[in-house]
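Some notes on the structure that comes next.
The values are calculated or read from the model by the stated rules, or taken from the named source; none is laboratory data. For clarity, every value in this text was computed on a predicted model and none was experimentally measured. Cβ coordinates were reconstructed from backbone atoms using ideal geometry, including for glycine residues, and neighbour counts include every protein chain displayed.
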Amino acid sequence: MSAPDKPEEFSVDLSHVYAKPSVAFTYRVHTEDSDTTQGPLILKPAWKPQGDKLGLLIEYSLNPAWGSEPVSFTNLVLVATYQGARAAGCQTKPTGTHLKEKSLVYWRLGDVTLGPETHKVICRFVGAENAAPEPGHIDARWEINGASPMIGQGSGISISRLEASKGKEKEESSDPFADDSIANFMVSPGAENWVELETHRKFVSGKYEAK
């Protein structure tokens with residue numbers, strides 16, 4: 001919950017999450033259509049009709065907006081869908097899986113580390129009864145796991161705990177004969193500090209596609 005005078009601060013009741021991990025709160029990040037800084041992966045598909053065949057080249061790499069350091073993707077999967085006539089067969093490199101009944105082919109690339117260099121997968125659909133398939137779209141699914149510093153982009157949201165300040169102020173004694181070694185100390189009233197918590201984040205792709 002949040003206070004009306006502090007809309008950017010939220011308090012979380014931890015009594016409901018001690019027994020087992022659960023969702024404390026959810027949020028949605030709003031971006032413009034032209035904003036490419038939110039996605040770590042860049043997809044560049046190129047379709048090439050060839051008579052009764054349809055070729056496809058997919059180039060993929062790390063988004064430069066995420067910085068120059070390589071990023072490790074977990075369970076990276078690329079999916080290419082096509083429209084129109086179903087394909088009688090499909091040739092892929094590296095090896096992919098063609099699902100005729102769903103008009104798609106996918107590659108399970110597994111755990112990969114991407115940098116600025118470009119990688120690619122290719123395939124060629126062979127149309128049935130001399131009817132060539134038509135271009136569709138490309139989907140990508142992946143996860144990024146790691147501590148907060150490893151994920152510099154995304155929501156920009158951090159988690160901190162508000163704690164009472166541990167700073168102490170020395171009280172001046174009115175007794176000129178008092179022993180300074182046993183002077184009184186007191187905590188400054190109302191003093192509080194935000195302490196950032198150690199976190200582990202998982203960045204999971206949602207609807208991530210290219211045409």
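Taken over segment 40-64, the criterion of being outside any strand (DSSP E or B) and surrounded by 14 or more Cβ atoms within 10 Å (Cβ to Cβ) is satisfied by Pro40, Asp52, Asn63. Restricting attention to segment 118-149, the residues that are modelled with pLDDT of 90 or more, under 17 Å from Gly39 (Cβ atoms) and not polar (S, T, N, Q) add up to 8. In this structure, Ile182 does not qualify as under 24 Å from Ala87 (Cβ atoms), of a type outside the set (Ser, Thr, Tyr) and either in contact with a Lys or Arg (Cβ under 9 Å, 6 or more places away or on another chain) or modelled with pLDDT under 50 (or both). Going by the structure shown, is Arg108 basic (Lys, Arg), more than 26 Å from Trp66 (Cβ to Cβ) and assigned to a strand (DSSP E or B)? It is false that Arg108 is basic (Lys, Arg), more than 26 Å from Trp66 (Cβ to Cβ) and assigned to a strand (DSSP E or B).
Results for (1) modelled with pLDDT of 70 or more; (2) closer than 26 Å to Gly127 by Cα, shown as yes or no for each residue.
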position	(1), (2)
Val12	yes, no
Thr31	no, no
Ala46	yes, yes
Gly55	yes, yes
Asn63	yes, no
Val71	yes, no
Thr74	yes, no
Gly84	yes, yes
